[in-house]
Amino acid sequence: MELVWITSANGLIGSQLLRTAPYSNARGLTRQDIDLTDHEKVRRLFREQKPGLVIHCAALSKSQDCQVNPPLARKINVEVTAQLAELAVDIPFVFFSTDLVFDGQAGNYDESTQVNPLSVYGETKAAAEQIVLANPKHTVIRTSLNGGVSPTGDRGFNEELRRAWQQGRKLYLFNDEFRSPIAASVTARAIWELVAQNRPGLYHVAGSERLSRWQIGQLVATRWPQLNPQMESGSLKEYHGAPRAPDTSLNCAKVQGLLRFPLPGLTDWLTANPNEPF
């Protein structure tokens, strides 16, 4: 394998990909290494290093940040992706998207479902997907909430919950907003298997269990009883704010047919990995 670029190597998924890379020449790119919005510097570095594979994890991924600054969200999520996809026109390119490209009215979405994002974040990811999939050599991975341990300690959904409890905050978690949470280590394993098979296209990679925010909180709380986790169950019906998709659970049958291992639900994964930091 030629040089592999992994953007956002300090992020949750990027760091897992870098740590588990089956290739000795995988290079993680962080903000300290290069500003991906500086197109000329990115172009120059690409021509110098000539990667043979690019896995693009970098994004403005907090929905609230995207909602308050749509131009920045478009610059990072769409324009950066477009440039990288253009530079990688003749090589494999893997782009990470989100379950939030769907409106959440149905759930159990497969790859054939028409997207209908409700948020600026979802809109920018849907726009970037179209750019990437225009090249038959390229791949889009839609995933859901990813958990694990990130280098900065604040990228996984579990890390956000834990930090709130460490600060003594009580969390209000919806019992009628559903996702398909997955451990980032499992996501990384799936990506490396797909890369090895060279099967470009659109795939859903997420946990096999549909869980509400409330259920997710309960599962993570069992890992941190010493923090005395405080939670309250609530409903989206009582929420007033930017639009939220109620059920963006993903159907992963397509990718499951290619993987050598079953994508686990979060409950089963936590049970099977009691000593893995989470």
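Would you say residue 126 is modelled with pLDDT of 95 or more, under 16 Å from residue 62 (Cα atoms) and of a type in the set (A, V, I, L, M)? The answer is yes for residue 126. Scanning region 53-79 for residues that are aliphatic (A, V, I, L, M) and farther than 14 Å from residue 126 by Cα gives 53, 54, 55, 58, 68, 72. Pairs linking a residue in region 267-278 that is more than 14 Å from residue 184 (Cα to Cα) to a residue that is small (Gly, Ala, Ser) and exposed (fewer than 14 other Cβ atoms within 10 Å of the Cβ), with Cβ atoms under 6 Å and 6 or more positions apart or on different chains, do not occur. Take the conditions (1) surrounded by fewer than 17 Cβ atoms within 10 Å (Cβ to Cβ); (2) touching a residue at least 12 places away in the same chain (Cβ under 8 Å); (3) at negative phi; residue 50 misses just one of them, which is (3). Taking the criterion of being closer than 19 Å to residue 233 by Cβ and in a strand (DSSP E or B), the residues of region 169-186 that qualify are 170, 171, 172, 173, 174, 178, 179. Annotation note: Cβ proximity below 6 Å between a residue of region 135-162 that is at positive phi and a residue that is aliphatic (A, V, I, L, M) and assigned to a helix (DSSP H, G or I) (sequence gap 6+ or interchain) occurs for 148/12; 148/184. Of the residues making up region 53-69, those that are surrounded by fewer than 15 Cβ atoms within 10 Å (Cβ to Cβ) and either assigned to a helix (DSSP H, G or I) or free of Cβ contacts under 8 Å to residues at least 12 places away in the same chain (or both) are 64, 65, 68, 69. The set of residues from region 133-168 being over 17 Å from residue 15 (Cβ atoms) and either part of a loop (DSSP other than H, G, I, E, B) or acidic (Asp, Glu) (or both) comprises 134, 135, 136, 137, 144, 167, 168. Being assigned to a helix (DSSP H, G or I) and in contact with a helix residue (DSSP H, G or I) (Cβ under 6 Å, 6 or more places away or on another chain) is a property that does not hold for residue 196. Would you call residue 220 under 30 Å from residue 52 (Cα atoms) and either of a type in the set (Asp, Glu) or surrounded by 14 or more Cβ atoms within 10 Å (Cβ to Cβ) (or both)? When the stated conditions are applied, residue 220 does not pass them.
If you check residue 261 against the conditions, is it touching a residue at least 24 places away in the same chain (Cβ under 8 Å), closer than 23 Å to residue 12 by Cα and crowded, with 18+ Cβ neighbours inside 10 Å? Against the criterion (touching a residue at least 24 places away in the same chain (Cβ under 8 Å), closer than 23 Å to residue 12 by Cα and crowded, with 18+ Cβ neighbours inside 10 Å), residue 261 does not qualify. With respect to residue 94, determine if the residue is of a type in the set (Val, Ile, Thr), surrounded by 15 or more Cβ atoms within 10 Å (Cβ to Cβ), modelled with pLDDT of 95 or more and not in a helix (DSSP H, G or I). Yes; evaluated as a whole, the condition is true for this residue. Looking at 242, 206, which one is part of a loop (DSSP other than H, G, I, E, B), at pLDDT below 95 and either under 24 Å from residue 113 (Cα atoms) or of a type in the set (Val, Ile, Thr) (or both)? Criteria check complete, one pass: 242. Filtering region 4-23 to residues that are farther than 18 Å from residue 97 by Cα and in a helix (DSSP H, G or I) leaves 18, 19, 20. Considering region 109-134 alone, what residues qualify as being surrounded by fewer than 18 Cβ atoms within 10 Å (Cβ to Cβ) and more than 19 Å from residue 201 (Cα to Cα)? Hit for region 109-134 is 116, nothing else.
Could you tell me whether any residue of region 245-257 is acidic (Asp, Glu), farther than 21 Å from residue 98 by Cβ and not in a loop (DSSP other than H, G, I, E, B)? No, every residue in region 245-257 fails to be acidic (Asp, Glu), farther than 21 Å from residue 98 by Cβ and not in a loop (DSSP other than H, G, I, E, B). Scanning region 39-52 for residues that are within 24 Å of residue 123 (Cβ to Cβ) and either of a type outside the set (Val, Ile, Thr) or not in a helix (DSSP H, G or I) (or both) turns up just one, 39.
The values are calculated or read from the model by the stated rules, or taken from the named source; none is laboratory data. Keep in mind the model is a prediction, meaning the values are calculated, not measured. Virtual Cβ from ideal backbone geometry, glycine too; neighbours counted across all protein chains shown.
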